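Here the structure comes first, spelled out in structure tokens, and everything after it is commentary.
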Amino acid sequence: MSASPSDALSSTTSVPSSVQDVSAGLRAVGYLPGESTALVSYLATRLGKPVLVEGPAGVGKTELAKALSKYLGRELVRLQCYEGLDEAKALYEWNYRKQLLRIQAEASGTGWDAVQEDIFGEEFLLARPLMTAIASEQPVVLLIDEIDKTDQEFEAMLLEVLSDFQISIPELGRIEARTHPIVLLTSNNTRELTEALKRRCLYLWLDYPSVEHELEIVRLHTPDLQESVARRLVEVIHMVRGLDLKKPPSIAESIDWARALVLLGADDIDRSVFERTLSIIVKHRTDLDLVAERVGVKLDGGILGRVGSG
Ligand SMILES: Nc1ncnc2c1ncn2[C@@H]1O[C@H](COP(=O)(O)OP(=O)(O)O)[C@@H](O)[C@H]1O
Ligand SMILES: [Mg+2]
């Protein structure tokens, strides 16, 4: 028998040799990837291109980056985006306080030139996530989370970093990447990202999973929930997603609901259990009314009961 290619996986900084490797590796750390997720992740590790992961909230975008870092044995460096995020918080900034102290500590006779040379050295630099990621000795996984919350100016700056893997600091010169990170950008799709950014990236659209896939995810997170209840839960969730809601429940809500049902000791999801726990999966006033009316009734009639028992 020849050595299995997955032997390589046991080492900490591995390069996966197939899509199956990645799929198995992600599963081993508790993330159940769909086919395209495993494929794109594999390509990202081999081609060294950033991945743009887009999709509704709560479908496993952030978790994918965490899982990849665990599986590949790489540190996770995370840049959480928000409105108004700027270079100082994303790339680097000068540690003004420390610089001031340094200037004050100098004997008054020291010339400005000497002090200046000193205070614009690496010691006075505060590295923010993007710089940390490219300056790291060991290759990391860089998560740029919720990029759609920033503006296009920020995107342009990011493009530069992602294409050159270097950062220019006027006072210090160029900082070039020591290692190349695996980069994941996530977006909840609240605005259209620029074509330039998309061109640079591999693209992964993560959507709500199929019933079978979600059942597997829910069972992984809540092994204590009876399988029959878990299945019914996922079927109800899918039914709720089918309604025209302001905010359909995500995988995160399915898992929360499953955990709550375990705590409550529920061994079925009937109308009464459903109505009592509805606010775990639906969080808008108008949605609550709609769901209670449309789904609650069905649970009463036992329509779902037949589905689960086959
Ligand atoms: N494929 C998956 N396998 C295991 N857990 C998952 C999967 N997809 C989502 N989850 C779980 O769903 C929850 C929400 O995922 P998260 O990554 O925070 O969503 P997003 O970043 O897309 O808003 C997390 O608790 C995560 O563990
Ligand atoms: Mg997220």
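The values are calculated or read from the model by the stated rules, or taken from the named source; none is laboratory data. Everything quoted here is computed from the prediction, not taken from an experiment. Cβ: placed from backbone, ideal geometry, glycine included. Neighbour counts: every protein chain shown. Just the protein is used for accessible areas: all its heavy atoms, side chains included, with ligands, DNA and RNA removed. Shrake-Rupley method; radii C 1.70, N 1.55, O 1.52, S 1.80 Å.
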> Restricting region 191-218 to residues that are closer than 28 Å to Ala258 by Cα and open to solvent by 80 Å² or more (accessible area, probe 1.4 Å), which is farthest from ligand 2 (Cβ to nearest atom)?
Replying inline: Glu212
>> Restricting to region 62-78, name every residue that is open to solvent by less than 10 Å² (accessible area, probe 1.4 Å) and within 10 Å of ligand 2 (Cβ to nearest atom).
In response: Leu64, Ala65
> Counting only residues that are closer than 30 Å to Val15 by Cα and open to solvent by 40 Å² or more (accessible area, probe 1.4 Å), which one in region 109-131 is nearest to ligand 1 (Cβ to nearest atom)?
Replying inline: Arg128
> Which condition breaks for Thr186 when tested against (1) outside any loop (DSSP other than H, G, I, E, B); (2) open to solvent by 10 Å² or more (accessible area, probe 1.4 Å); (3) among the polar types (S, T, N, Q); (4) touching a helix residue (DSSP H, G or I) at 6+ places or on another chain (Cβ under 7 Å)?
Replying inline: (2)
> Looking at region 169-209, which of its residues are acidic (Asp, Glu) and either touching a residue at least 60 places away in the same chain (Cβ under 8 Å) or over 16 Å from Ala133 (Cβ atoms) (or both)?
Replying inline: Glu171, Glu192, Glu195, Asp207
>> So, Ile134, is that one more than 15 Å from Leu197 (Cβ to Cβ), more than 16 Å from ligand 1 (Cβ to nearest atom) and touching an Asp or Glu at 6+ places or on another chain (Cβ under 9 Å) or not?
In response: yes
> When you scan region 62-90, how many residues do you find that are among the charged types (D, E, K, R), out of contact with any helix residue (DSSP H, G or I) (no Cβ under 6 Å at 6 or more places or on another chain) and assigned to a loop (DSSP other than H, G, I, E, B)?
Replying inline: 3
> What do you reckon, is Ala292 open to solvent by 20 Å² or more (accessible area, probe 1.4 Å) and closer than 28 Å to Tyr42 by Cβ?
Replying inline: no
> Could you count how many residues in region 16-61 are more than 15 Å from ligand 2 (Cβ to nearest atom) and either not in a helix (DSSP H, G or I) or not β-branched (Val, Ile, Thr) (or both)?
Replying inline: 29
> Could you say whether any residue in region 160-178 is open to solvent by less than 10 Å² (accessible area, probe 1.4 Å), part of a strand (DSSP E or B) and within 16 Å of ligand 1 (Cβ to nearest atom)?
Replying inline: no
>> Condition (residue is modelled with pLDDT of 95 or more, surrounded by 15 or more Cβ atoms within 10 Å (Cβ to Cβ) and in contact with a His (Cβ under 9 Å, 6 or more places away or on another chain)) applied to region 30-50: is it met by at least one residue?
In response: yes
